[in-house]
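The values are calculated or read from the model by the stated rules, or taken from the named source; none is laboratory data. Predicted model only: the values in this text are computed from it and were never measured. Cβ placement follows ideal geometry from the backbone for every residue including glycine, while neighbour counts extend to all protein chains displayed. Note: accessible area is taken over every heavy atom of the protein model, side chains too, but ligands, DNA and RNA are not part of it. Shrake-Rupley method; radii C 1.70, N 1.55, O 1.52, S 1.80 Å.
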Amino acid sequence: MNIDELNQLRQVACETAVAAGKLAREMWSQPRHIQQKGFRDLVTDADFAAQHQITQTIRAKFPTHGFLTEEEDSELPESGPVIWIIDPIDGTTNYSRNVPEFCISIAACMPQAEGYQPLAAAIYDPMRQELFSAAKGQGATLQIGDASPRATAVSTVDSTENAVLALDWSSSADKRTSILELVAELMHNSFTVRAIGTAALAMAWVAAGRVDTYINLRLRPWDVAAALLLVQESGGAVTTLKGNPIVWDVAGMTCLVSNGRLQLNI
Ligand code: 2AM
Ligand code: CA
């Protein structure tokens, strides 16, 4: 894929993420219709509305492309030369309770034998009007409001004792136990530990050097795809806890996101 094609994917990812963010923000102050779709797993009417708006816009521009979306939609084609991996609202628990930490995550990916290669990505935080975006080999940027986009870079922190570590708890009991065991150790060795509630935005913050690491033991592809490219294009790495390449799996993926300089020894 040439640079013009990559930039076109990035542009569409950005436009659709910002438009969906505006919709989510408009719906923010209205009463939410909230459903429980799984154990400790919520979906709201805003998730469905944002996803529908995003997928309709992308389908009109790229009729041959496929989709992998968090919210089920049997009308969407699953295969194509490019797969759009979309989380219409990442941080739904926060959103449903009016905690202003959530984002829209959109990635255009090349399907591979095992998993996906993100080509272009956008993550939009509508409460702060922060647009993170990247294209493969072209770097990553953060645009705040109407200001010019600026290149993002991971932090230079290279010792655990100075590191701000971000994480999320996961919904399952066994993953929470594992995270608690990790935190029991890291809490004493690190500067501090934050739980964010939106994996995609926390990973974008690693890309922007705001936090040094993010750990999650059960992420889905739509939580990871866009942020993976942002982190890589900002000089960081997304691996398993042991530092191996991540294993794409819709059932759940373990991810250690870091600035590439820290050795956590976990
Ligand atoms: P979501 O808000 O889009 O559902 C916070 O714990 C992070 O984990 C969020 O990014 C959230 O995404 C994700 N998450 C929530 N429930 C999950 C589940 N059952 N499996 C995997 N990830 C989940
Ligand atoms: Ca979601």
Next on the checklist: Which numbered condition in (1) among the basic types (Lys, Arg); (2) modelled with pLDDT under 95; (3) closer than 24 Å to residue 132 by Cα is the only one that residue 194 fails?
Outcome noted: (2)
Checklist entry - What strands (runs of 3 or more DSSP E) completely inside the stretch 98-200 contain at least 2 residues that are surrounded by fewer than 19 Cβ atoms within 10 Å (Cβ to Cβ)? => result 103-112, 115-125, 139-144, 192-195
Checklist outcome for this item: Scanning the stretch 71-95 residue by residue, those within 11 Å of ligand 2 (Cβ to nearest atom) and touching a residue at least 40 places away in the same chain (Cβ under 8 Å) turn out to be 86, 87, 88, 89, 90, 91, 92, 93, 94, 95
Checklist entry - Out of the stretch 155-175, which residues are closer than 30 Å to residue 38 by Cβ, of a type in the set (D, E, K, R) and more than 18 Å from the chain's Cα centre (by Cα)? => result 174, 175
Item to check | Verdict on residue 58 being within 13 Å of ligand 2 (Cβ to nearest atom) and of a type outside the set (D, E, K, R) | outcome: no
Checklist entry - Which of the residues that make up the stretch 228-266 are surrounded by 19 or more Cβ atoms within 10 Å (Cβ to Cβ) and hydroxyl-bearing (Ser, Thr, Tyr)? => result 234, 254, 258
Checklist outcome for this item: Cβ pairs under 9 Å, 6+ apart or interchain, first in the stretch 39-52 and basic (Lys, Arg), second near ligand 1 (Cβ under 10 Å from one of its atoms) and assigned to a helix (DSSP H, G or I), ordered by first then second residue, are 40/93
Item to check | Filter result for residue 83 (in contact with an Asp or Glu (Cβ under 7 Å, 6 or more places away or on another chain) and under 15 Å from residue 220 (Cβ atoms)) | outcome: no
Item to check | Qualifying positions in the stretch 201-220 - touching a Cys at 6+ places or on another chain (Cβ under 9 Å), near ligand 1 (Cβ under 10 Å from one of its atoms) and assigned to a helix (DSSP H, G or I) | outcome: 201, 203
Checklist entry - Residue check: is residue 16 in contact with a helix residue (DSSP H, G or I) (Cβ under 8 Å, 6 or more places away or on another chain), of a type in the set (Ser, Thr, Tyr) and within 17 Å of residue 131 (Cβ to Cβ)? => result yes
Item to check | Which listed residue is open to solvent by less than 60 Å² (accessible area, probe 1.4 Å) and either outside any helix (DSSP H, G or I) or within 14 Å of ligand 2 (Cβ to nearest atom) (or both), from 19, 13, 49 | outcome: 49
Checklist entry - Among the residues of the stretch 89-97, is any open to solvent by 70 Å² or more (accessible area, probe 1.4 Å) and more than 9 Å from ligand 1 (Cβ to nearest atom)? => result yes
